[in-house]
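The values are calculated or read from the model by the stated rules, or taken from the named source; none is laboratory data. Quick caveat: nothing in here was measured; it's all calculated off a predicted structure. Here the Cβ positions follow ideal geometry from the backbone for every residue, glycine too, while neighbour counts run over all protein chains shown. Surface accessibility is based on the protein's heavy atoms, side chains included, excluding ligands, DNA and RNA. Shrake-Rupley method; radii C 1.70, N 1.55, O 1.52, S 1.80 Å.
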Amino acid sequence: MGARPKDQYRALHEGFRWQVPTQFNISAACASRWGRDRDRTAIFYEDDSGARSLTTYRQLDRTANRLANALRALGIRRGDRVAVVLPQRPEAAVADLAILRLGAIAMPLSILFGPDALAYRLDNSGARAAIVDSLAIDNCRTARSAALEHFIVVQAPGSPADIRHDELEWNALLAPAADRFTTVMTLAEDPAFLVYTSGTTGPPKGALMPHRALIGNLPGFVASQNWFPQPDDVFWSPADWAWTGGLMDALMPALYFGRPIVAYRGRFGAEVAYDLMSRYRVTNSFLFPTALKMMMRADPEPRRRHQLALRGLMSGGESVGEALFEWCQSGLGLTVNQMYGQTEVNYMVGNSALRWPATPGSIGRPYPGHRVAVIDDDGSPVPAGAIGEVAINRRDRHGHPDPIFFLGYWQNPQATADKFTGDWCRTGDLASADANGYLWYHGRSDDMFKAAGYRIGPGEIENCLMRHPAVANVAVVPKPDPERGNVVKAYVVLAAGYAPASAIAAELQDHVRARLAVYEYPKEIEFIDALPMTTTGKVQRRVLRLQEEERARAARG
């Protein structure tokens with residue numbers, strides 16, 4: 001741990017200038033420029049069956065070229081959306097890189113999604129092709145939209161799938177394709193990824209991310225990982241590459257800097273984490289607080305049994321808390337750097353233990369290059385100590401455009417406009433700032449919440465439950481949980497003819513689990529005669545949230 005770092009924050013901020021080229025392609029920056037190095041490791045892969053492989057940057061680059069040629073032969077062109085429904089495995093990185101080389105838009109989707117969640121995103125985006133893991137094939141087939149012309153199946157190791165006549169098998173598709181491809185020239189402003197966020201009310205929104213957004217993420221990534229990269233750095237995170245946290249906080253930055261990343265296909269567990277970090281000499285990681293808590297409880301003194309090489313650790317999605325902060329120092333041997341961001345404007349606030357002191361409980365300070373403030377309803381900054389909404393300005397402190405911003409919500413200009421007050425992009429999160437510029441989180445201004453690191457919007461879950469005949473009305477809120485931060489809880493008003501029973505609760509849970517993502521199903525259901533409503537007929541989720549918080553306080557004594 002060493003001595004408390006000198007506070008270099010002011011000098012770093014004042015000296016920082018954005019360098020964003022007019023032309024920029026994430027795929028070229030993350031693979032093509034390293035492709036001539038036949039010995040440079042890109043991805044260490046391992047799965048829960050014990051299978052292992054190594055992919056070099058040369059192999060990654062050439063395989064991406066093959067897929068780009070194959071997709072072009074299928075008619076995929078600039079601006080087309082291609083869904084990628086793959087777990088952490090080399091083919092997921094190849095797919096993203098190949099799609100971006102075409103000037104097309106990669107749409108990563110979690111293999112945890114059920115058919116309804118997949119169908120909405122495929123239909124809303126108008127995706128022309130989908131690249132699907134065989135373990136997710138049934139849900140993807142059910143969700144397949146009329147606009148989806150091409151269905152490419154990547155076999156799961158040890159789980160071959162029966163390929164239908166209207167589907168393509170990954171290896172057969174790539175085999176005849178050439179391993180040379182000229183990347184389509186893209187502007188830094190051109191779209192690269194379409195990432196769907198959960199909606200508060202109504203359906204999820206697709207955040208369209210430009211190529212320049214990766215550049216906007218880099219200062220925070222470098223700082224939170226204690227000045228990544230160093231010569232022997234190896235990165236690993238259990239964060240799903242289908243989400244912003246795994247995609248832009250792990251996979252793409254690691255590839256951008258030409259360093260190896262570990263891909264693990266399997267269920268997260270504390271022993272799995274320790275074994276992977278030891279075996280691959282992982283130096284840098286992004287671990288959700290939920291994961292860190294599991295690791296702390298499983299082994300409070302892991303360095304006694306494991307050869308850990310960690311020198312940089314970032315955490316985000318939930319509050320780290322003082323106990324976990326202290327354990328990272330004593331148990332893992334380093335200070336965890338908490339980070340804050342969201343899909344639309346990621347990696348904007350956080351800590352860097354090497355350059356400025358980290359304060360337990362704070363989400364940190366704005367990273368260099370970002371102008372962040374706590375504002376009121378009119379868009380004016382509030383005084384130190386006062387609570388307002390976290391917002392980031394389109395321009396940095398020097399008046400230069402900040403490249404971190406999303407382009408807008410897919411086919412939803414009103415939602416895009418509502419996100420901004422002038423040049424301030426509103427996050428929907430409440431916080432206060434102290435005299436030293438550290439931000440302190442106070443919760444959501446709307447009804448979004450985090451559960452086990454996943455960002456949850458009640459709207460999609462409520463809509464799913466309302467389609468069950470037993471449900472007359474429903475409200476979904478977070479229930480505080482010491483392990484996961486929160487769990488999903490549903491307050492349900494039953495329809496006539498139904499009575500509260502454990503069997504009905506289980507049926508409703510299965511109903512959601514089968515249609516949406518596994519992490520979205522309500523782990524607790526409480527039947528209620530009527531939901532609290534406003535005079536205009538809107539559900540007062542805030543009343544139920546406060547009730548859950550009060551119950552949690554009472555349970556703690």
- Provide a single number: the residues in segment 467-489 that are modelled with pLDDT under 95, under 20 Å from Ala501 (Cα atoms) and assigned to a strand (DSSP E or B). 6
- Item | Per-region count, segment 114-128, residues among the aliphatic types (A, V, I, L, M), at pLDDT 95 or above and either part of a helix (DSSP H, G or I) or out of contact with any strand residue (DSSP E or B) (no Cβ under 7 Å at 6 or more places or on another chain) (or both) | 3
- Message: Of all residues being among the aliphatic types (A, V, I, L, M) and modelled with pLDDT of 95 or more in segment 340-363, which is farthest from Gln8 (Cα to Cα)? Just the residue, please.
- Response: Val345
- Message: Could you check segment 403-419 and list, in sequence order, the residues that are out of contact with any strand residue (DSSP E or B) (no Cβ under 6 Å at 6 or more places or on another chain) and either acidic (Asp, Glu) or without any contact (Cβ under 8 Å) to a residue 24 or more places away in the chain (or both)?
- Response: Pro413, Gln414, Ala417, Asp418
- Task: Output the residues belonging to segment 70-90 that are in a helix (DSSP H, G or I) and open to solvent by less than 40 Å² (accessible area, probe 1.4 Å).
- Result: Ala70, Leu71, Pro90
- Considering segment 10-31, residues that are charged (D, E, K, R) and part of a helix (DSSP H, G or I), and then whichever is least open to solvent (accessible area, probe 1.4 Å), we arrive at Glu14
- Task: Answer yes if at least one residue in segment 360-368 is in contact with a Pro (Cβ under 8 Å, 6 or more places away or on another chain), among the hydroxyl-bearing types (Ser, Thr, Tyr), part of a loop (DSSP other than H, G, I, E, B) and surrounded by 14 or more Cβ atoms within 10 Å (Cβ to Cβ), and no otherwise.
- Result: yes
- Task: Among what's in segment 371-391 and is open to solvent by less than 50 Å² (accessible area, probe 1.4 Å) and assigned to a strand (DSSP E or B), pick the residue that is modelled with the lowest pLDDT.
- Result: Gly388
- Query: Could you say which residue among Ile131, Ile163, Ile111, Ile152 is of a type in the set (Val, Ile, Thr), outside any helix (DSSP H, G or I), within 20 Å of Arg265 (Cα to Cα) and open to solvent by 50 Å² or more (accessible area, probe 1.4 Å)?
  - Reply: Ile111
- Which one of Met209, Met252, Met277, Met248 is more than 15 Å from the chain's Cα centre (by Cα), surrounded by 23 or more Cβ atoms within 10 Å (Cβ to Cβ) and modelled with pLDDT of 95 or more? Met277
